[in-house]
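Enquirer: Got a structure for you, questions after.
The values are calculated or read from the model by the stated rules, or taken from the named source; none is laboratory data. Everything quoted here is computed from the prediction, not taken from an experiment. Using ideal geometry, Cβ is built from the backbone for each residue, glycine included, and neighbour counts are taken over all protein chains shown. Accessible surface areas use protein heavy atoms only, side chains included; no ligands, DNA or RNA. Shrake-Rupley method; radii C 1.70, N 1.55, O 1.52, S 1.80 Å.
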Amino acid sequence: MGTFTYDTSTTSTPKAATGTFTLTVKSNGEYTVSLEAPTTVSIENTEFGSKLAASGPTSTYIVTYTDSATGATSTATVSAAPENTSLSFTGVTDTSGTSSTAITFSSVKTVGTEINVSSDGMGIGDNILKSYVDKDGNKTTEKLTYDPEQAAKSVVLYFKDDGDVGFGQKTDVLYITARSGGVTKEVMLDSRYGDFVWNTTANKWDAISGGYASGVLASYTLNAEALFGAGKTIDSVDVAAGFFNNSKGAPDTSNFKVSFGYSYDTVTSTNLPVEMGFSATVTDRDGDSVITNFTVKTDATPAQLDGSADGDYITGNTADNLVYGLAGNDVLVGNEGNDTLVGGAGDDVLTGGAGADVFKWSLADQGTSNTPAVDHITQFNLSDGDSINIGDLLQGEAGTNAVNNLGQFLQFGLVDGKLALLVDHDGSGTIGTTDQGAFGATQKIVLDNYAGTLVDAKAAFAAALFGNSDPHTDADIINKMLQTGALKTDI
């Protein structure tokens, strides 16, 4: 795995982004590359500053963010808890969270149903999150829900760190409920004693090791995996202003400004132009080494994609692509669309993907009768309209009785247990019915999706071509391929 850097743009503003790729090299020399876009988008509360307008009370507020690093746009919904919901808060009186010294604030009612927002805080009724104790000792609190559009890798609470509405400027307590797939975790922040997570087994608060200690707090991060386990994400978060006992032993209140941000993972295959060069050293068991250079290339536009003199990995997109491997042992992938794949010289692996794809060979792509070029078509789909074009490769096949003469140029055989169209590009070799070596093939086109014995593999291909299981000779199959357009020559 490695990294690559590319440029993307959002609303015509250039953005630099770094992504990852995974290169897989197989023992037979084939390789694949999977490119991914940036995996994590982190959104800070400041990234909605220009979009987050002050508003009068509203039942639901949609926050729109634009991530400065990637240009990704995301939203989150903020809403108030139902009014008159009864809550019970358990507080702490020291840093241990021991149940014997805990204090409970029961019969706390939620108030307000409408969100009020400014550029630096959110609350119920106004833009400050508060708890209250009235003259009769009745306790009420404001509680709101923050619900990101994406499953969040983390949620960050941002506080004002100055003024009398900053968290920890005086004593403040905040209760947080995080949700993940039906599981909830309770976290408490107490500006005197630090942060705690609720232990449902021991029925007490456990201090979070290495977390917030005490004092003024600028931000606090809820990490999904730390709370819920590996691979987990946060669906939504509730926050409510809490209480504490003051020096007189009476319930006292909290008030502070809070806003939110979050991060999420995105795994999106890039269709942006990317080209990477590699140098690889391969060593066998005997210690013999060979160094090879190759290029991995993708392109976003439906156009001609050219390889190099090295071994290339080139992918098209959903359009109709013309992909040239040129020299080297190349891997060409057309993906969707009606693509034309030309491996060129070397031993190539060709994958058309969906659509009616043309696999094309030209003169000088072939090897020799002693060392023929061996190219593989991973999925030759007659039902999709795939075809093999060897018009430029064959020399002298046209003329009187040309169709029957094709037997001088073409024959079916096996390569590593897979059906292959054996091509003698100039028809000068010796015809052999079973001995492939006697045929003098200079090019072997292997159809990887037809395998078995020669009889079985050829019968399976003929059945797909003719639509029946009758026996067919090589000449029958070649003529039918010509008639249906599955084989293209100059005849």
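Enquirer: Just the residues that are open to solvent by 40 Å² or more (accessible area, probe 1.4 Å), closer than 26 Å to A218 by Cα, modelled with pLDDT under 90 and more than 35 Å from the chain's Cα centre (by Cα), please, taken from the range 102-137.
Expert: Residues satisfying the conditions are E114, G125, D126.
Enquirer: Could you list all residues from the range 349-379 that are among the hydrophobic types (A, V, I, L, M, F, W, C), at pLDDT 90 or above and either over 31 Å from the mean Cα position of the chain (by Cα) or crowded, with 17+ Cβ neighbours inside 10 Å (or both)?
Expert: Answer for the range 349-379, where residues must be among the hydrophobic types (A, V, I, L, M, F, W, C), at pLDDT 90 or above and either over 31 Å from the mean Cα position of the chain (by Cα) or crowded, with 17+ Cβ neighbours inside 10 Å (or both): V349, L350, V358, F359, W361, A373, V374, I377.
Enquirer: Could I ask something else about it? Which pairs do you get when a residue that is at positive phi, found in the range 194-210, comes within reach of a residue that is open to solvent by 40 Å² or more (accessible area, probe 1.4 Å) and among the β-branched types (V, I, T), reach meaning Cβ atoms under 7 angstrom, with the pair 6+ apart or on two chains?
Expert: Pairs found: G194/T95.
Enquirer: Return yes or no: is V165 crowded, with 17+ Cβ neighbours inside 10 Å, within 27 Å of T77 (Cα to Cα) and under 38 Å from the mean Cα position of the chain (by Cα)?
Expert: No, not satisfied.
Enquirer: Then there is this: Any chance you could count how many residues in the range 153-168 are part of a loop (DSSP other than H, G, I, E, B) and touching a helix residue (DSSP H, G or I) at 6+ places or on another chain (Cβ under 8 Å)?
Expert: Residues flagged as part of a loop (DSSP other than H, G, I, E, B) and touching a helix residue (DSSP H, G or I) at 6+ places or on another chain (Cβ under 8 Å) within the range 153-168 amount to 1.
Enquirer: Which strands (runs of 3 or more DSSP E) does the range 91-134 wholly contain that include 2 or more residues that are of a type in the set (S, T, Y)?
Expert: In the range 91-134, the matching strands (runs of 3 or more DSSP E) lie at 103-110, 129-133.
Enquirer: Let me ask something additional. Can you name the residue in the range 380-429 that is over 19 Å from V455 (Cα atoms), of a type in the set (D, E, K, R) and open to solvent by 10 Å² or more (accessible area, probe 1.4 Å) and, of all such residues, is modelled with the lowest pLDDT?
Expert: D426
Enquirer: Within the range 138-159, identify whether any single residue is without any contact (Cβ under 8 Å) to a residue 40 or more places away in the chain, over 32 Å from the mean Cα position of the chain (by Cα) and open to solvent by 60 Å² or more (accessible area, probe 1.4 Å), and answer yes or no.
Expert: Yes; the residues of the range 138-159 include at least one that is without any contact (Cβ under 8 Å) to a residue 40 or more places away in the chain, over 32 Å from the mean Cα position of the chain (by Cα) and open to solvent by 60 Å² or more (accessible area, probe 1.4 Å).
Enquirer: Name the residues in the range 80-102 that are within 16 Å of A241 (Cα to Cα) and among the hydrophobic types (A, V, I, L, M, F, W, C), would you?
Expert: Those that are within 16 Å of A241 (Cα to Cα) and among the hydrophobic types (A, V, I, L, M, F, W, C): A80, A81, L87, F89, V92.
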